[in-house]
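A.B. asks: The structure that follows is given in the form of structure tokens.
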Amino acid sequence: MCFVSNQQLSLFDSLYFLSERKQRMLEKSWAKSFSDHIFLNIDEYIFAPLFSEKTNSRPNAPINVIVAALILKEITGMTDDEIMEACEFDFRFQFALHTVSFENQPISDRTFSRFRSRCAAYELTTGKDLIHECIISLSRHICEFMELDGTIKRMDSMMIESNIRRMGRLELLYTCISNLVKEIYRDDAFELPDTFKHYSEPNDRNKVIYHDKETPQSEKLQQVINDASNLLELCKDKYSETSDYQLLERAVNEQTKPDPDDDKNRIPKDKNDSMDSSVLQNPSDPDATFRAKAGKSHRGYVANITETVDENGSVITEYQYDVNTHSDSSFVKDYIEEAPNGETTALIADGAYDSTENRKLAADKNIGLITTGLSGRMPREIIGDFTFSEDGKNVESCPNGNSPKSSNYIKQSDSVRISFEKDKCEGCPYRDKCRPKIKTRTASMIISKKSHDYIKQIREWHSNDTLQISGRIRNGAETVPSVMRRKYNVDHMPVRGKLRTKQFFGFKVAASNFVKLHRYTLDIEKCIPLQ
């Protein structure tokens, strides 16, 4: 399949045969804005590497039609089949996609899935996300049209749930065994022992996990572990390269450990054994990770959203997507490293994005990193009045101006242990606030440079009107996760896996940006008569 650029309108386009009334209604509809600002600005040549360079092969479906239709799909909340039918029968969709002159629309029931598969395979091979590149290019055009100056940006992250079932250890291991057993029976490569036959039966999972009340849970789990170990050994030669075998092997290694009494057997891990958040949650989505945040458990991914904002509105101009163990601080660090050197900009985020390293990186790129809603436990305010050395490893003086008798840096806790002569602390007016430990000859306490900087930052925040305004600007970023969940259903995407869900999320970002653009154009049209 070779790459071909976009189509041209025909002289016999049915658009020209509409009545004046219908043409006026069409000009005022969303289809006009979408056609002018989304469809015409889709860069098809980004996707040229997905297709063959041979010009004598079958041409591809128009890329701009596919990408635009996928954005419309997210705007309307339709499925692939529903958007295909809408493109066939709804004139507004055809007008938005420039296909009104087509006798048959250039998309089929497999067009979208094949396009997404090509993009995922290309990213897996090269590391380049073509959909992300296209959507960010559209975002820049929307910013230019809305006349957003780009000097103020705000950032926030949101958890995205994977569309998977929550599984316990028994169900997870059982499902992995069942998947591999069913694959072996389908291939009929060799005959398994009869002990594995029940794993291929449709109702066996519920019978083993839920209905069997007589067998203790620990016995059922140990039996499944034994079956898993035996199955891995039986089919190692023929199935070790298959995904079902690798998932079962991963689950066994993560959920079990060698029996201390018999190295040939394995037993379940207990609470004292280490199990990190990257362990397999469900074989249906091997990429999903576990994270606890704000008292809630999340299994899936996290998206980081950057908005450009000013008095004309806001547009999502960058998004990042990763497993949910990726921290906010890492997201902003990646964003700053990839940002080009240019005009001075302000990046407003909450306290989770703040760190000394990130501030230094931002300053090198002419980016002012402003963090609000400082996180962490509030230290004693008096700590802000101590004087530290530049490296933060020594304390030079206390709030009363006294120099410590000794100052020792504790590397493990990144703090400093200081001691003063006893008489200097006993008569000090700040004693009740500092709360030192009074001993026979000395008074000591432990403080850290981080706590000192934290207090200084809070004082700066309360005394600076600009920072308080920045806090109100940042609060607007909280609307994006809410809209993405309520309107665009990011927690119920019909695909699984990091690459696949990232594609859907990207089109949802483009849909959100277009809605803001369309509202902006409607506001302009309302203002024209008044002007």
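The values are calculated or read from the model by the stated rules, or taken from the named source; none is laboratory data. Since we're looking at a predicted model, the values are computed, not measured. For neighbour counting, all protein chains shown are included, and Cβ atoms are generated from backbone atoms with ideal geometry for every residue, glycine included. The accessibility values were calculated without ligands, DNA or RNA, using every heavy atom of the protein model including side chains. Shrake-Rupley method; radii C 1.70, N 1.55, O 1.52, S 1.80 Å.
A.B. asks: Would you pick out the residues in the stretch 47-89 that are at pLDDT below 90 and surrounded by 12 or more Cβ atoms within 10 Å (Cβ to Cβ)?
C.D. replies: Within the stretch 47-89, Phe51, Ser52, Ser57, Pro59, Asn60, Ala61 meet the criteria.
A.B. asks: Name the pairs: first residue in the stretch 214-243 and surrounded by 15 or more Cβ atoms within 10 Å (Cβ to Cβ), second residue assigned to a helix (DSSP H, G or I) and of a type in the set (D, E, K, R), Cβ to Cβ under 7 Å, at least 6 apart or on different chains?
C.D. replies: So the pair list comes out as Leu221/Arg169; Leu232/Glu249; Thr242/Glu183.
A.B. asks: Taking the criterion of being over 16 Å from Leu499 (Cα atoms) and open to solvent by 60 Å² or more (accessible area, probe 1.4 Å), would at least one residue in the stretch 131-142 satisfy it?
C.D. replies: Yes, because at least one residue in the stretch 131-142 is over 16 Å from Leu499 (Cα atoms) and open to solvent by 60 Å² or more (accessible area, probe 1.4 Å).
A.B. asks: Met158 passes all but one of (1) in contact with a Leu (Cβ under 9 Å, 6 or more places away or on another chain); (2) open to solvent by less than 10 Å² (accessible area, probe 1.4 Å); (3) outside any helix (DSSP H, G or I); which number fails?
C.D. replies: Answer for Met158: the failing condition is (1).
A.B. asks: Moving to a separate point now. Which condition breaks for Met167 when tested against (1) free of Cβ contacts under 8 Å to residues at least 24 places away in the same chain; (2) outside any helix (DSSP H, G or I)?
C.D. replies: Here Met167 clears every test but (1).
A.B. asks: Please give the number of the condition Ile164 fails out of (1) open to solvent by 40 Å² or more (accessible area, probe 1.4 Å); (2) under 24 Å from the mean Cα position of the chain (by Cα); (3) modelled with pLDDT under 95.
C.D. replies: (1)
A.B. asks: Hey, Leu148 hits all of (1) in contact with a helix residue (DSSP H, G or I) (Cβ under 7 Å, 6 or more places away or on another chain); (2) modelled with pLDDT under 95; (3) open to solvent by 10 Å² or more (accessible area, probe 1.4 Å); (4) not β-branched (Val, Ile, Thr) but one; which does it fall short on?
C.D. replies: For Leu148, the exception is condition (1).
A.B. asks: Starting from the stretch 257-277, take each residue that is free of Cβ contacts under 8 Å to residues at least 12 places away in the same chain and list its partners that are hydrophobic (A, V, I, L, M, F, W, C) and assigned to a strand (DSSP E or B), counting only C-beta distances under 6 angstrom and pairs at least six apart or across chains.
C.D. replies: Pairs that qualify, where the first residue is free of Cβ contacts under 8 Å to residues at least 12 places away in the same chain and the partner is hydrophobic (A, V, I, L, M, F, W, C) and assigned to a strand (DSSP E or B), are Asp259/Ile267.
A.B. asks: Can you tell which of Pro258, Pro286 is at pLDDT 90 or above, touching a helix residue (DSSP H, G or I) at 6+ places or on another chain (Cβ under 8 Å) and within 30 Å of Glu233 (Cα to Cα)?
C.D. replies: Result of the check over Pro258, Pro286: Pro286.
A.B. asks: Something else: Kindly indicate whether Ser407 is out of contact with any helix residue (DSSP H, G or I) (no Cβ under 6 Å at 6 or more places or on another chain) and touching a residue at least 24 places away in the same chain (Cβ under 8 Å).
C.D. replies: no
A.B. asks: Same structure, new question: Report, by residue number, each residue of the stretch 417-449 that is within 43 Å of the chain's Cα centre (by Cα) and more than 15 Å from Asp385 (Cα to Cα).
C.D. replies: Arg417
A.B. asks: Oh, and also: Taking the stretch 202-219 only, how many residues are closer than 23 Å to Ile184 by Cα and either in contact with a Ser or Thr (Cβ under 9 Å, 6 or more places away or on another chain) or part of a helix (DSSP H, G or I) (or both)?
C.D. replies: 6
A.B. asks: Could I ask something else about it? Taking Pro399 as the residue in question, decide whether it is part of a loop (DSSP other than H, G, I, E, B), touching a residue at least 12 places away in the same chain (Cβ under 8 Å) and open to solvent by 70 Å² or more (accessible area, probe 1.4 Å).
C.D. replies: Spelling it out, it is not the case that Pro399 is part of a loop (DSSP other than H, G, I, E, B), touching a residue at least 12 places away in the same chain (Cβ under 8 Å) and open to solvent by 70 Å² or more (accessible area, probe 1.4 Å).
A.B. asks: If you don't mind, another one. For the subset of the stretch 196-213 comprising residues that are within 16 Å of Cys176 (Cα to Cα) and hydroxyl-bearing (Ser, Thr, Tyr), which member is least open to solvent (accessible area, probe 1.4 Å)?
C.D. replies: Of everything passing the filter in the stretch 196-213, Tyr199 is least open to solvent (accessible area, probe 1.4 Å).
A.B. asks: Inspect the stretch 209-231 for any residue being of a type in the set (Ser, Thr, Tyr), farther than 30 Å from Asp156 by Cβ and over 37 Å from the mean Cα position of the chain (by Cα) and give the result as yes or no.
C.D. replies: Yes.
A.B. asks: Quick check on my filter: what residues within the stretch 105-121 are buried (at least 17 other Cβ atoms within 10 Å of the Cβ) and of a type outside the set (Gly, Ala, Ser)?
C.D. replies: Gln105, Pro106, Ile107, Thr111, Phe112, Phe115, Arg116, Arg118, Cys119
A.B. asks: Give just the number: which of (1) over 28 Å from Glu144 (Cβ atoms); (2) more than 32 Å from the chain's Cα centre (by Cα) does Asp81 not satisfy?
C.D. replies: (2)
A.B. asks: So which residues in the stretch 448-488 are touching a Lys or Arg at 6+ places or on another chain (Cβ under 7 Å), part of a helix (DSSP H, G or I) and modelled with pLDDT of 80 or more?
C.D. replies: Matches in the stretch 448-488: Met484 only.
A.B. asks: Tell me yes or no: at least one residue of the stretch 261-280 is on the phi > 0 side of the Ramachandran plot and open to solvent by less than 70 Å² (accessible area, probe 1.4 Å).
C.D. replies: No.
A.B. asks: A follow-up question, please. Can you pull out the strands (runs of 3 or more DSSP E) entirely within the stretch 240-344 that have at least 3 residues that are farther than 30 Å from Ala362 by Cα?
C.D. replies: So the answer is 256-259, 262-268, 296-310.
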